[in-house]
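Peer 1: Below is one structure. I have some questions about it.
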Amino acid sequence: MRKKGNRRIVLSKTKLIGILFFFLSCQNTVFSQISLDSYAEVGSNAVSQGIYGSISAQVSGQFGSFNLTTGGLLSLSNEGADIFSAYSLAISNDIEINKHKIDVSGFYLWKPISSDLRETNFGLLAKYRTRHFGYIIGLNSRIYSFSRSAIIRYNFPDSIHTTFWEPFNAMYRFSYYQQFSPKLSFEASITNYDRYFIQQETNPMILTNLTYKYNSNLHFYSELGYMQAGLLNMHVNYFGLYLRGGVIWRLN
């Protein structure tokens, strides 16, 4: 992990929630094709001390040729951590290369690792899909920083670095798609990231998704994720297993 100077990125919870509500309030005047993606999750891992639970809500909207997505994660059972445990913002657009449509997106992800330590990610992703296969590759830059309250509470001297920077990390997702019927579809992926976390390149996970299209405006889905240390790491460093149930609702 590379050290960086005494620089901090601080974004208050009030501002984060305000961004989400602003997005919703503008849906009828600025954005088109508004949709809401919400899910509940349960799981366990090496640090959860039993079963944990979380709830997510993400809002997406079309703004001209751009697609904007923002949302947050609430943790219900992580002791010692903030209940507001992640915020994400992404903007994407399609480009054409040799008659192939590629979705390019930039994203921002903020999350508290604990009450004292924060993680901030910026990154770029490029996505290409065929009928049965999908490929996503990209890079992210990650910053770990102590919160302002922690710096005051522990009385860190100026000589102590309170921010640590990982300049570049690779991101990837390789997926297989299968359409069982006009309403039922399946996806299986090998990846090192999910909605609100990004693993190291050598920590792959398996993610499966089953989606049922109730109608054109309402989709239900379930996801099962499995993570362990894997490549170039000791297999005893098991991370965990989680199950999600969610709904995607097109609002207009």
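The values are calculated or read from the model by the stated rules, or taken from the named source; none is laboratory data. Quick caveat: nothing in here was measured; it's all calculated off a predicted structure. Counting neighbours? That spans all protein chains shown, and the Cβs are built from the backbone with ideal geometry, glycine included.
Peer 1: Restricting segment 120-147 to residues that are among the hydrophobic types (A, V, I, L, M, F, W, C) and without any contact (Cβ under 8 Å) to a residue 24 or more places away in the chain, which is nearest to Met171 (Cα to Cα)?
Peer 2: Selected residue: Leu124.
Peer 1: For Trp165, only one of the following conditions fails: (1) more than 28 Å from Glu96 (Cβ to Cβ); (2) without any contact (Cβ under 8 Å) to a residue 40 or more places away in the chain; (3) under 22 Å from the mean Cα position of the chain (by Cα). What is its number?
Peer 2: Checking Trp165 against (1) more than 28 Å from Glu96 (Cβ to Cβ); (2) without any contact (Cβ under 8 Å) to a residue 40 or more places away in the chain; (3) under 22 Å from the mean Cα position of the chain (by Cα), the one that fails is (2).
Peer 1: Of all residues in segment 182-195, how many are of a type in the set (Ser, Thr, Tyr) and under 11 Å from Thr211 (Cα atoms)?
Peer 2: So the count comes out to 1.
Peer 1: Out of (1) touching a Ser or Thr at 6+ places or on another chain (Cβ under 9 Å); (2) within 30 Å of Ile151 (Cα to Cα), the odd one out for Ile113 is which?
Peer 2: Of everything listed in (1) touching a Ser or Thr at 6+ places or on another chain (Cβ under 9 Å); (2) within 30 Å of Ile151 (Cα to Cα), Ile113 misses just condition (1).
Peer 1: What number of residues within segment 155-181 are aromatic (Phe, Trp, Tyr) and at pLDDT below 95?
Peer 2: So the answer is 4.
Peer 1: For segment 97-154, which residues satisfy the criterion of being at pLDDT 95 or above, among the polar types (S, T, N, Q) and surrounded by 17 or more Cβ atoms within 10 Å (Cβ to Cβ)?
Peer 2: Once the filter is applied, which keeps residues that are at pLDDT 95 or above, among the polar types (S, T, N, Q) and surrounded by 17 or more Cβ atoms within 10 Å (Cβ to Cβ), segment 97-154 yields Ser105, Thr120, Asn121, Asn140.
Peer 1: Right, next: Which condition number in (1) exposed (fewer than 13 other Cβ atoms within 10 Å of the Cβ); (2) modelled with pLDDT of 95 or more is the one that Glu223 fails?
Peer 2: (1)
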